[in-house]
Amino acid sequence: MLTVKKIVPFDNYTLEIELSNNKKGFFDVKPYLDKGIFKELNDLSYFKQVKPFFYGISWPHNQDLSIDTIEFEMQSR
């Protein structure tokens with residue numbers, strides 16, 4: 001099962017991500033920042049609290065993105 005191995009958040013609301021299949025790239029979170037529960041991610045210090053979570057990523061207040069979304073939208077290095 002595909003998982004997130006590593007996440008590095010950046011000040012421009014992008015994430016550098018490495019997946020368990022060794023695919024690496026950048027995921028842009030900006031398109032999500034004005035939508036529902038994701039609005040809280042506009043706080044940069046909160047945004048940087050992202051962690052791998054089961055089959056995707058999540059933040060402390062249960063915002064999450066699935067591994068399928070991340071892999072599909074991730075831009076290669």
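Using the Cα centre of the chain as origin and beta-carbon charges of +1 (Lys, Arg) and -1 (Asp, Glu), tell me which of 72, 27, 2 is placed farthest towards the positive end of the dipole. So the residue furthest toward the plus end is 2.
Once both labels are positioned 7 Å from their Cα atoms along Cα-to-Cβ, the gap between residue 45 and residue 30 label points is 2.4 nm.
Among 24, 51, 39, the residue with the largest mean-square fluctuation in a Gaussian network model of the chain, with springs joining Cα atoms closer than 10 Å, is 39. Summing charges over neighbours of residue 39, with a neighbour being any other residue whose Cβ is under 15 Å away from its Cβ, gives -2 when K and R count +1 and D and E count -1. If I model a spin label at residue 1 and residue 58 as a point 7 Å from the Cα along the Cα→Cβ vector, what separation in nanometres do I get? Rounded to a tenth, the inter-label distance reads 1.3 nm.
Each reported figure results from applying straightforward, stated rules to the coordinates on display, with no laboratory input. Small disclaimer: the values here were computed from a predicted structure and weren't measured. All Cβ positions, even for glycine, are placed from backbone atoms using ideal geometry, and neighbour counts span all protein chains on display.
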